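> Mind having a look at this structure? Questions to follow.
The values are calculated or read from the model by the stated rules, or taken from the named source; none is laboratory data. Just so it is clear, the structure is predicted and the values come from calculations on it, not from any experiment. A quick note on method: Cβ atoms are made from the backbone with ideal geometry, for glycine too, and the neighbour counts reach across all protein chains shown. Calculation scope for accessible area: heavy atoms of the full protein, side chains included, ligands and nucleic acids excluded. Shrake-Rupley method; radii C 1.70, N 1.55, O 1.52, S 1.80 Å.
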Amino acid sequence: SHAKEILHCLKEKYFRELQNLEVDGQKVEMPQSLSWYPEELAWHTNLSRKILRKSPQLEKFHQFLVSETECGNISRQEAVSMIPPLLLNVSPHHKILDMCAAPGSKTAQLIEMLHADMNVPFPKGFVIANDVDNKRCYLLVHQAKRLNSPCIMVVNHDASSIPNLQIDVDGRKEILFYDRILCDVPCSGDGTMRKNIDVWKKWTTQNSLQLHGLQLRIATRGVEQLAEGGRMVYSTCSLNPIENEAVITSLLEKSQGALELADVSSELPGLKRMPGITKWKVMLKDGQWFEEWKDVPSNRQTQIRPTMFPVKDEEKLKAMNLERCLRILPHHQNTGGFFVAVLIKKSPMPWNKRQPKVHQKLPQRTGDTELTATNSDNGSDCITEEPILAVNEESKKMEGLQNLGTEQSKKEGVCGPPPSKKMKLFGFKEDPFVFLPEDDPLFLPIQKFYALDPSFPKMNLLTRTQEGKKRQLYMVSKELRNVLLNNSEKMKVINTGIKVWSRNSDGEQFGCAFRLAQEGIYTLYPFINARIINVCIEDVKILLTQENPFLTKFSSETQKKVKDMAMGSVVLKYDPNPEKPDDLQCPIVLCGWQGKTSLRAFVPKNERLHYLRMMGVEVFKAKKKEEELENKTEEEVQHKLAQTEDGMDVEDKEHDLVTKMEAEIGEESSQSPVESSAMETENKTEDLDQSSKNATTHISKESKGTDTSTVKD
């Protein structure tokens, strides 16, 4: 519903303002919708980044794009890279694996498809987004976090050997097979040459020869983990057949009929495409061409592999239906070049049809049970895997005391980082994911204060601290909890869960130490039965434009509701009125705080601007005023600090030193002793959170000589 409102706002306001506009003597072209993308939800603009940033006439439009992108309401993406998620045909109950997911634009599309029905807070499906590069994983987290979904998990593995995961099905452990897999493999990127100057300098035929093996291994690992009847989309931003049709041909040959190419010619009408090719040659760096494997001299057989050549047998070739692949050429619709193939799995892969007896002797050593799960090519056949799982009890006894610790932590719902030393060699050591025990005293006051529905899945609440005060509470879907609890040893999880509550020391005196967090409010709202204030559109405008408005400024209905309510965190709900079509037509849920005489909203800055835009409030000028306001409050803070400096004790000075160091490192100091504004503070804490544990580690490393725990706090 929010997407439709943004579209309405774009068409009626921003695009109209671009009409007849001239920049540097040139008429601005109007943005066009992509004809093949459903419901006009994708648009194309010819404005270059430089013009958008530099020209004052476009400043308003540019600010709108930046702000809405930060909120997760708009994503900027190459048009053709939007195609693979659309061809996956995702439904909300699908278990999805995105094998090479960073930077995360396609992952964002997948999350959006899971939440097709906004009334369902927890879809049954989920997305596991993987990337081999630890740093790029954090980029992925940032992209996914904008969508505030409890159904996404970011993991860090080599896609070609991503481990089999186990899940608990009615008390039985089973291997997790995915309904949908997106396999957007690393490629030479020659299809991006119109926007990527590097390709012209660095391109050689060697690129694709080096990547072919990796691409084939990743695609093979993908189809192994695909459920029967499931769909896998293989894609590259290259037009080289060595990276495209050669990989698909080899995969189809190996599968012996277990896989087939889907005919997607009727999907995405309006998209201009070319069929896959069936004949190609292989070229070396020095310009030598080869038509068949037998022509390759033995000293070149490490560079060129037999899987790179087309199939010569006409019948075999015909049965493969390679023409069902999609080739998108740049000049057809002003895009990048792209290749897509949609595969459907009809039966288990031939190398997975092993006899179960092989596994009978496995429980002799602890390591072996792990090995089967990780290294066996897949066990698409459930029977294959069952014997190991059946003797689980026995193997547990044999593991004895050495495993007692991990068993204990599992019972406590702790999902720590993988224990192997190898894992710690790259990337940051992540904090564990600790699920709240059922009898945790922390939860009772929360349940009482917000009158949570009995159906609230409290088992899915987790924190990232094993000892000490729990500062944030996160929430995952039931299905992801299952994945987390059963695979913590073999999987490096970077991030999962959506923040739903934050500790607030002021709240304790009012009966609840945790206030609601805006990013999780749409997930949480259906379960909350108390502390809800229904507000009209005028009230929403006041809440979002004024810093800490007095209750007297609100409508009489709102004032009546607030009268009988204790101080503390509240939910502010706006429901659209269909009889007033000019008003905002999508529901809004905001987190707020009710004071003695005032009512304020706790909403991050960009989100606040988003809602105001949707209500037709001009935020362009408001932003400049806001900056002046911020500068003023900062000056006041400095002045007050100067006054209190003399009376500080040693501990305070230490704290101040840490704050200064944080500011130098480039983090906005969220420990400012005076709260400049509710919304700003919320925004800063949100931002700090979003930079995840990664940033925390950086701070700890860089602030040498200070007490790291203080910095973390």
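> Given the criteria surrounded by 15 or more Cβ atoms within 10 Å (Cβ to Cβ), assigned by the TED database to the domain that holds THR335 and in a helix (DSSP H, G or I), does PRO92 qualify? Give the steps one after another, and end with the answer.
Values: surrounded by 15 or more Cβ atoms within 10 Å (Cβ to Cβ): yes; assigned by the TED database to the domain that holds THR335: yes; in a helix (DSSP H, G or I): no.
Criteria not met by PRO92.
> Follow-up question, since we're still on this one. If I ask for residues that are of a type in the set (S, T, N, Q) and assigned to a strand (DSSP E or B), which ones from the stretch 466-475 would you list? It would help to see each step written out before you state the result.
Step one: of the stretch 466-475, the residues of a type in the set (S, T, N, Q) are 466, 472.
Across the stretch 466-475, the qualifying residue is only GLN472.
> Something else now. So, ARG76, is that one open to solvent by 60 Å² or more (accessible area, probe 1.4 Å) and at pLDDT below 90 or not?
Values: open to solvent by 60 Å² or more (accessible area, probe 1.4 Å): yes; at pLDDT below 90: no.
Criteria not met by ARG76.
> What pairs can you find where one residue is in the stretch 252-264 and farther than 21 Å from ASN352 by Cβ, the other is among the charged types (D, E, K, R), and their Cβ atoms are less than 8 Å apart, with a gap of 6+ or different chains?
Short answer, once both residue conditions are applied: ALA262/ARG231; ALA262/ARG324; ASP263/ARG324; VAL264/ARG324.
> Here's a follow-up. How many residues does the stretch 250-281 contain that are of a type in the set (D, E, K, R) and assigned to a strand (DSSP E or B)?
To start, the set of residues in the stretch 250-281 that are of a type in the set (D, E, K, R) comprises 253-254, 260, 263, 267, 272-273, 279, 281.
Retained after the next criterion (residues that are assigned to a strand (DSSP E or B)): 260.
Residues in the stretch 250-281 being of a type in the set (D, E, K, R) and assigned to a strand (DSSP E or B): 1 in total.
> Could you go through the stretch 556-573 and let me know if any residue there is surrounded by 14 or more Cβ atoms within 10 Å (Cβ to Cβ) and closer than 16 Å to LEU612 by Cβ.
yes
> Yes or no: the stretch 301-319 includes at least one residue that is buried (at least 21 other Cβ atoms within 10 Å of the Cβ) and within 30 Å of TRP43 (Cβ to Cβ).
Here is the first cut: in the stretch 301-319, the ones buried (at least 21 other Cβ atoms within 10 Å of the Cβ) are 304, 308-309.
With within 30 Å of TRP43 (Cβ to Cβ) added as a condition, the list becomes none.
Checked against the condition, which is being buried (at least 21 other Cβ atoms within 10 Å of the Cβ) and within 30 Å of TRP43 (Cβ to Cβ), the stretch 301-319 yields no hits at all.
> I need the full set of residues from the stretch 429-465 which are assigned to a helix (DSSP H, G or I) and not polar (S, T, N, Q), in order please.
Restricting attention to the stretch 429-465, the residues satisfying the condition of being assigned to a helix (DSSP H, G or I) are 443-449, 458-460.
If the condition is that a residue be assigned to a helix (DSSP H, G or I) and not polar (S, T, N, Q), then PHE443, LEU444, PRO445, ILE446, LYS448, PHE449, LYS458, MET459 are the ones that fit.
> Kindly indicate which of ASP168, ASP131 is surrounded by fewer than 20 Cβ atoms within 10 Å (Cβ to Cβ) and acidic (Asp, Glu).
On the way: ASP131 fails: surrounded by fewer than 20 Cβ atoms within 10 Å (Cβ to Cβ).
Just one listed residue meets the conditions, ASP168.
> Take the residues of the stretch 107-118 that are part of a helix (DSSP H, G or I) and more than 13 Å from LEU139 (Cβ to Cβ): which is most open to solvent (accessible area, probe 1.4 Å)?
If we filter the stretch 107-118 for residues that are part of a helix (DSSP H, G or I), which is where we start, we get 107-114.
Imposing the further condition that a residue be more than 13 Å from LEU139 (Cβ to Cβ) reduces the set to 109-114.
Working: GLN109: 10, LEU110: 0, ILE111: 2, GLU112: 96, MET113: 40, LEU114: 2 Å².
Out of the qualifying residues, it is GLU112.
> Consider HIS62 carefully, then state whether it is more than 25 Å from VAL223 (Cβ to Cβ), open to solvent by 10 Å² or more (accessible area, probe 1.4 Å), in contact with a Leu (Cβ under 6 Å, 6 or more places away or on another chain) and not charged (D, E, K, R). Outline the logic, then answer.
On the way: more than 25 Å from VAL223 (Cβ to Cβ): yes; open to solvent by 10 Å² or more (accessible area, probe 1.4 Å): yes; in contact with a Leu (Cβ under 6 Å, 6 or more places away or on another chain): yes; not charged (D, E, K, R): yes.
Spelling it out, HIS62 is indeed more than 25 Å from VAL223 (Cβ to Cβ), open to solvent by 10 Å² or more (accessible area, probe 1.4 Å), in contact with a Leu (Cβ under 6 Å, 6 or more places away or on another chain) and not charged (D, E, K, R).
> Would you mention how many residues in the stretch 297-345 are in contact with a Leu (Cβ under 9 Å, 6 or more places away or on another chain) and assigned to a loop (DSSP other than H, G, I, E, B)?
Number satisfying all stated conditions: 10.
Residue-by-condition table, conditions (1) over 12 Å from VAL589 (Cα atoms); (2) within 27 Å of the chain's Cα centre (by Cα):
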residue	(1), (2)
CYS512	yes, no
ARG515	yes, yes
GLU519	no, yes
THR523	no, yes
PRO526	no, yes
ARG531	yes, no
PHE550	yes, no
SER556	yes, no
LYS560	yes, no
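> State which residue is least open to solvent (accessible area, probe 1.4 Å) when the search covers only the stretch 188-205 and only residues that are touching a residue at least 24 places away in the same chain (Cβ under 8 Å) and not in a helix (DSSP H, G or I).
In the first step, residues of the stretch 188-205 are kept if they are touching a residue at least 24 places away in the same chain (Cβ under 8 Å); the result is 188-195, 204-205.
From what's left, not in a helix (DSSP H, G or I): 188-189, 193-195, 204.
On the way: SER188: 23, GLY189: 8, MET193: 77, ARG194: 145, LYS195: 136, THR204: 38 Å².
Among those that are touching a residue at least 24 places away in the same chain (Cβ under 8 Å) and not in a helix (DSSP H, G or I), it is GLY189.
> Among the residues in the stretch 323-341, are any hydrophobic (A, V, I, L, M, F, W, C), touching a Cys at 6+ places or on another chain (Cβ under 8 Å) and more than 30 Å from GLU39 (Cβ to Cβ)?
Taking the stretch 323-341 and keeping what is hydrophobic (A, V, I, L, M, F, W, C), we get 325-326, 328-329, 338-341.
Of the ones still in play, those that are also touching a Cys at 6+ places or on another chain (Cβ under 8 Å) are 338-341.
Filter once more, keeping what is more than 30 Å from GLU39 (Cβ to Cβ): none.
No, the stretch 323-341 contains no residue that is hydrophobic (A, V, I, L, M, F, W, C), touching a Cys at 6+ places or on another chain (Cβ under 8 Å) and more than 30 Å from GLU39 (Cβ to Cβ).
> Also: Looking at the stretch 9-59, which of the residues that are touching a strand residue (DSSP E or B) at 6+ places or on another chain (Cβ under 8 Å) and assigned to a helix (DSSP H, G or I) is farthest from PRO581 (Cα to Cα)?
Checked the stretch 9-59; the qualifying residue farthest from PRO581 (Cα to Cα) is ILE51.
> For residues that are touching a residue at least 60 places away in the same chain (Cβ under 8 Å) and crowded, with 17+ Cβ neighbours inside 10 Å, tally how many sit in the stretch 206-217.
Counting residues in the stretch 206-217 that are touching a residue at least 60 places away in the same chain (Cβ under 8 Å) and crowded, with 17+ Cβ neighbours inside 10 Å gives 3.
> Please go through the stretch 544-578 and pick out each residue that is assigned to a helix (DSSP H, G or I) and touching a residue at least 60 places away in the same chain (Cβ under 8 Å).
LEU544, THR545
> Inside the stretch 261-292, can you point out the residues that are open to solvent by less than 80 Å² (accessible area, probe 1.4 Å) and under 12 Å from PRO310 (Cβ atoms)?
GLY276, ILE277, THR278, TRP280, VAL282, PHE290, GLU292 - these are the residues of the stretch 261-292 that are open to solvent by less than 80 Å² (accessible area, probe 1.4 Å) and under 12 Å from PRO310 (Cβ atoms).
> Got a number for residues in the stretch 140-162 being closer than 24 Å to GLN210 by Cα and either open to solvent by 10 Å² or more (accessible area, probe 1.4 Å) or not polar (S, T, N, Q) (or both)?
Of the residues in the stretch 140-162, the ones closer than 24 Å to GLN210 by Cα are 156-162.
When the remaining residues are screened for being either open to solvent by 10 Å² or more (accessible area, probe 1.4 Å) or not polar (S, T, N, Q) (or both), the result is 157-162.
Adding up the residues that qualify gives 6.
> Mind checking which pairs have a first residue in the stretch 464-477 that is farther than 18 Å from LEU516 by Cβ and a second that is open to solvent by less than 10 Å² (accessible area, probe 1.4 Å) and in a loop (DSSP other than H, G, I, E, B), Cβ under 6 Å, 6 or more apart or different chains?
Pairs found: SER477/PRO150; SER477/CYS151.
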